[in-house]
1. Quote to one decimal, in nm, the extra length available between Asn158 and Asn81 on full extension: 0.36 nm per residue of separation minus the C-alpha distance between them.
2. Could you give each residue of region 92-101 its phi-based ³J(HN,Hα) in whole Hz, using Karplus coefficients 6.51, -1.76, 1.60 with θ = phi - 60°, and x for Gly or Pro?
3. Once you charge only the Cβ atoms, +1 for Lys and Arg and -1 for Asp and Glu, what is the size of the charge dipole of region 50-123 about its Cα centre, to the nearest 20 debye?
4. Report the Cα centroid-to-centroid distance between region 41-104 and region 138-202 in angstrom, as an integer.
5. Could you give the length gained on full extension between Phe131 and Thr33, defined as 0.36 nm per residue of separation minus the Cα-Cα distance, in nm?
6. Which order do the peptides 131-138, 34-41 come out in when sorted by mean C-beta neighbours inside 10 angstrom, highest first?
7. For a quick protection proxy, order the peptides 108-117, 60-69 by their average other-Cβ count within 10 Å, most packed first.
8. Name the residue farthest towards the positive end of the dipole of region 43-202 from the options Gly76, Ser112, Leu46, assuming +1 on Cβ of Lys and Arg, -1 on Cβ of Asp and Glu, about the Cα centre.
Amino acid sequence: MTRFLSNYIFNKYFQIFCLLIFIIPCKNSFGETKLQKKLDLLHSSLSKISNEEINKENLSFVLKIIQETYDAKKMGKMIINNNWKSLSSYEQKEFVEVFEKFIAVNYLRRFSKIKRVDFKTQNIKKINENFRLVNISMTLNTSEKIELGYLLHYTKNNWLIFDVLVDGSISEIATRKSDFNNIINDQGFKKFISILKEKNEI
C-alpha cells in the first residue's frame, strides 16, 4: 500500500512537472509576441508617414497609435520628477494629453522627411519579469542606420514604451527632463504647457 501511494504521488508530481515544462515557455513566448506586435504597430505607422500614406491631416490616427504604444503618464513622472508631485490631478492629466500629442507631432515631422524607413528587431533583453529592452536597427533611405533601444514595461495586461535610447545611450527621458524642467522652474507649469501646445501646432 505504501509503495502504491509513493508511486501515485511520484506520478502526479511528474505530470505536473511535465505540464509546467510545456506551459511556461508558451507564456513567455506569448508575452514576447505581444510585445513585438506592439512595436510592429508603431513601426508600421511610422513607415506610412514616410511613404506619405499618413500626413498631418491624420494626426488623430497617429495620436491614437501613441496612446496605444506609449506610457505617457510614466514618462511624465520620470521627466518632470519632483515637479510632478506638486501638480494637481487635473494638471497631471493635462500634461499627459499634451505630451502624447507632442510625441505624435514629432514623429510626423521627422518621418515625413524620410523617403524610406525599415525596422529590424535585433534582440529582446529581459531586465526582470515586467521590463524589457528591445534593440532595433532602423535603416533610413536604404543606407543610414540608427540603433534604437525601446524600454518597455508590462502594466495592466499591456506592454508600453516609457523610454527610447538612440545609439544605445541618448535617452529621450533624460533629454526631455533637462529641457522641460528648466522651463517649469523658470516660468511655471502653466507657461510650460502653453509652450508645449505651441510646439504641437502643425
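No lab work stands behind these numbers, since they all come straight from the coordinates. Predicted model only: the values in this text are computed from it and were never measured. Every residue, glycine as well, gets a Cβ built from its backbone with ideal geometry; the counts of neighbours run over all protein chains shown.
1. Working it through step by step, the gained length comes to 25.3 nm.
2. Karplus values, whole Hz, x for Gly and Pro: 4, 5, 4, 4, 4, 5, 5, 5, 4, 5.
3. Result for region 50-123 is approximately 280 debye, rounded to the nearest 20.
4. 9
5. Between Phe131 and Thr33, full extension yields an extra 33.8 nm.
6. The peptides rank, most packed first, as 131-138, 34-41.
7. The peptides rank, most packed first, as 60-69, 108-117.
8. Farthest towards the positive pole: Gly76.
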